[in-house]
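Everything below concerns the one structure shown next.
The values are calculated or read from the model by the stated rules, or taken from the named source; none is laboratory data. None of these values were measured; they are calculated from a predicted model. Cβ atoms come from the backbone with ideal geometry, glycine included; neighbour counts cover every protein chain shown. With ligands, DNA and RNA removed, areas are computed over all heavy atoms of the protein, side chains included. Shrake-Rupley method; radii C 1.70, N 1.55, O 1.52, S 1.80 Å.
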Amino acid sequence: MTEQDFILLPYPNTLESGKITWESPSNIALVKYWGKKKDQIPENPSISFTLSNCKTITTLTFSKKKDTSNFEFDVYLDGEKKDDFKPKIQTFFERIEVYLPFLRNYKFKIETKNTFPHSSGIASSASGMSALALCLMSVEKQLIEKVVPSSAPDCYRDETSSSNEYFNQKASFLARLGSGSACRSIEGDLIVWGKTNSIEGSSNLFGVKYPYKIHDVFKAYQDTILLVDKGKKQVSSTVGHNLMHNHTYAKNRFQQAHDNLEKLKTILESGDLDGFIALIESEALTLHAMMMASMPYFILMKPNTLEIINKIWKFRQETGLHISFTLDAGANVHVLYPKNETSEILEFIKNELVAQCQNGHYICDQIGFGARLIKN
Ligand code: PMV
């Protein structure tokens, strides 16, 4: 697939108005994406667990307009108009217009809500951008699908260009242009983004489902998110990614991500939990090490982040349970563990780790299977 494959013209149908709702989850990277080239092309491949409970629900209402000189849209979060969200969406529309040429022909109302608190320090860009990309894809689907009576047999429907695979790939491709990691939120349960030789079908343009065997122990993995710092992001992703340009360790870091993806293949197939823990914790700490070693440098972990990590290590050593952690570009800790160890680990989290969370807040989540169309 190339960028050109995502341009479908002319549209055979006309559409006056409509309303679509999608819900789309967040995701947590195991091998981290950190560093990008032009047009949100990643410097290295990444892989993530799609989450289940942390998600964004977006309703897109659209009606045809005559004046096509500008994009016209309003954004609402929890029913409240949010003009400060508009510049990001304006940039998103500018980037994707070539792939969705109908954007200037409609006035859009974008109503969005998250299942997690907006000020939780959990990035809503992955779930938010993927939900919006999916809503826009549903509009395109209506513009290209053959109009056939609903009573007609399935063979009358043209599935070639609007098949699920194409739909998901293009939704992921568009979401990537909104926020890189958003392209890993369309499907589940493990998604790879970024071209790498060890994963067949992997692409820099969109996320693909991890295509190899996964041991049962990884199928219902748990993620309890400890909200250490619920403040606004200290460093925007764009600024962070750009600090990998000319970074002293960039070349080795990018190579390490390829190597870790290859190693993860054996781990995922065999169910090697110790190997898994070592790899993902090293990835999380490497991400933060890159931030500390860039110029300008920054530390996004807080004292409580380190306190939690040390407690996790001690508890693991004492009990032999398979508790581990990963981090995003922030202070919050994702505690990862297999489902069959939930009762002991959750008890430990409640008794020992919740005290380090801001206002005692944490979110219980688990691996999920991707976005869902709620209403068309
Ligand atoms: O999608 P962005 O541009 O917000 O970047 C996300 C980067 C990390 O969350 C730190 C890692 C990742 O792969 O998700």
- line: Shape call for the stretch 228-376, from the Cα gyration tensor axes a ≥ b ≥ c (a/c under 1.5 means rounded, otherwise prolate when a/b beats b/c, else oblate), comes out rounded
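Report, for the chain, the % of DSSP beta bridges that are antiparallel, rounded to 5. Walk me through the intermediate numbers first.
Values: 52 of 58 bridges.
Once the DSSP bridges in the chain are tallied, antiparallel ones form about 90 percent.
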query: What accessible surface, in Å², does a 1.4 Å probe find on residue 50, ignoring ligands, DNA and RNA and rounding to the nearest 10?
result: 0 Å²
- line: For the pair residue 374 and residue 266, the simple spin-label estimate (label points 7 Å beyond Cα toward Cβ) gives in nm 4.5 nm
query: Once you list every other residue whose beta carbon is under 13 Å from the beta carbon of residue 316, what net charge do they have if Lys and Arg are +1 and Asp and Glu are -1?
result: -4
task: Enumerate the amide H contacts of residue 30 below 5 Å, restricted to partners 5 or more residues apart or on another chain; note that Pro and chain-start residues carry no placed amide H.
output: 47, 48, 49
message: Using only Cα atoms and rounding to the nearest 10 degrees, what angle (0 to 90) does helix 164-178 make with the longest principal axis of the chain?
response: 70 degrees
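Using the heavy atoms of the protein chains and a 1.4 angstrom probe, tell me the accessible area per residue for the chain in square angstrom.
Values: 17060 Å² over 376 residues.
Value returned for the chain: 45 Å² of accessible area per residue.
Taking loop as defined by DSSP and a crowding limit of 13 other beta carbons within 10 Å, which GluC sites (Glu not before Pro) in the stretch 159-203 fit? Please list the in-between numbers first.
Numbers: sites: 159, 165, 187, 200; in loops: 159, 200.
Here the GluC sites (Glu not before Pro) that fit, given the DSSP loop and packing criteria, are 159, 200.
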query: Stretched out fully, how many nm does the piece from residue 298 to residue 216 gain, at 0.36 nm a residue minus the Cα gap?
result: 25.7 nm
query: On a 0 to 90 degree scale, rounded to 10, what angle separates helix 303-319 from the longest Cα axis of the chain?
result: 70 degrees
- prompt: Taking Cα atoms, how many degrees apart are the long axis of helix 125-144 and the longest axis of the chain, rounded to 10 and kept between 0 and 90?
  reply: 20 degrees
- request: Note down the relative contact order for the chain as a percent, whole number, built from C-alpha pairs under 8 angstrom at least six residues apart.
  value: 24 percent
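Keeping every protein chain in place, order 118, 258, 241 by accessible area at 1.4 Å, biggest value first, i.e. largest first.
On the way: 118 100, 258 50, 241 10 Å².
Sorted descending by solvent-accessible area, the residues read 118, 258, 241.
Subtracting the Cα-Cα distance from 0.36 nm times the residue separation, let me have the gained length for residue 1 to residue 16 in nm, one decimal. Can you show the working numbers first?
Details: separation 15, 0.36 × 15 = 5.40 nm, distance 3.12 nm.
So the chain would gain 2.3 nm between residue 1 and residue 16.
Going from most exposed to least, what order do 106, 212, 297 have by accessible area with a 1.4 Å probe?
On the way: 106 5, 212 75, 297 150 Å².
So the residues, ranked largest to smallest area, are 297, 212, 106.
Show that you can apply the helix-only estimate: for the chain, add -39,500 (n - 2.57) for every DSSP H stretch of four or more residues, divide by all residues, and state [θ] at 222 nm to the nearest 500.
-10000 deg cm²/dmol, from helical runs alone.
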- request: For the stretch 1-81, build the charge dipole from Cβ charges (+1 Lys, Arg; -1 Asp, Glu) around the Cα centre, then report which of 50, 9, 61 sits farthest towards its positive end.
  value: 50
task: Determine how large the accessible area of residue 21 is when every protein chain is in place; take a 1.4 Å probe and give Å² rounded to the nearest 10.
output: 20 Å²
task: Compute the separation of the alpha-carbon centres of the stretch 1-49 and the stretch 235-250 and state it in Å as a whole number.
output: 22 Å
query: Excluding ligands and nucleic acids, what accessible area in Å² is computed for residue 3 using a 1.4 Å probe, to the nearest 10?
result: 70 Å²
statement: Quick calc of log₁₀ I(q)/I(0), the chain, Debye, one scatterer on every Cα, no solvent, q values 0.09, 0.10, 0.13, 0.14 1/Å, result -0.52, -0.64, -1.06, -1.21
statement: Expected vector for the stretch 29-41, Karplus 3J(HN,Hα) from phi with 6.51, -1.76, 1.60 and θ = phi - 60°, integer Hz, x for Gly and Pro, equals 6, 9, 9, 8, 8, 8, x, 9, 9, 4, 6, 6, 8
